[in-house]
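The values are calculated or read from the model by the stated rules, or taken from the named source; none is laboratory data. Please read all numbers here as calculations on a predicted model, not as lab measurements. Heads up, the Cβs are rebuilt from the backbone with ideal geometry, glycines too, and the neighbour counts pull from every protein chain shown.
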Amino acid sequence: MTTMTFTASERSYLDSQPIGRLATVRRDGSPQVSPVGFSYNEEFGTIDIGGFNMSISQKYHNVMHNDRVAFVVDDLASRQPWRVRCLEIRGTADVVPDPGTPTPGHDSSLIRIRPRRIISFGIEYPDQEPHLMTSSNRDVD
């Protein structure tokens, strides 16, 4: 089941970036932000986050107790002129346990983000005059 969650430009941008920041909610209600590696899962239209010992990480446990997350990928494409690119994804997440028996450092558990709102800036029209740029905001079914 292929879904078109992101535009072609947004998918290309995601593919070009190695790291993002995942915000989760701790049990006490406080936010936690973690730099993470990620991949776009075209089959499900999701962002999949894996990593070293994922199933014992705080972010994994946060998602187990509160599925609301935000994920940001951004960079500075140019300083002259100043050009910021940003993709913010708000949504819910599931934990996807490692189907096998994980060994230390080889845990293939995932956090899978289902986008509900996407906010992009500087991605669809990268050559637009910087001060005329506006964000593209949309809800995702």
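Go through the residues of the range 81-91 one by one and say whether even a single one is out of contact with any strand residue (DSSP E or B) (no Cβ under 7 Å at 6 or more places or on another chain), loosely packed, with under 13 Cβ neighbours inside 10 Å and not in a helix (DSSP H, G or I).
Scanning the range 81-91, I find at least one residue that is out of contact with any strand residue (DSSP E or B) (no Cβ under 7 Å at 6 or more places or on another chain), loosely packed, with under 13 Cβ neighbours inside 10 Å and not in a helix (DSSP H, G or I), so the answer is yes.
Just for the range 29-62: of the residues that are part of a strand (DSSP E or B) and in contact with a Pro (Cβ under 9 Å, 6 or more places away or on another chain), which one is nearest to L110 (Cα to Cα)?
I47
Here are some residues: S12, S34, S39, S57. Which one is over 17 Å from T92 (Cα atoms) and surrounded by fewer than 18 Cβ atoms within 10 Å (Cβ to Cβ)? First the steps, then the outcome.
On the way: S34 fails: over 17 Å from T92 (Cα atoms); S39 fails: over 17 Å from T92 (Cα atoms); S57 fails: surrounded by fewer than 18 Cβ atoms within 10 Å (Cβ to Cβ).
The unique qualifying residue is S12.
Inspect all residues belonging to the range 67-84 and state whether any of them is modelled with pLDDT of 95 or more and more than 30 Å from L132 (Cα to Cα).
Among the residues of the range 67-84, at least one is modelled with pLDDT of 95 or more and more than 30 Å from L132 (Cα to Cα), which makes the answer yes.
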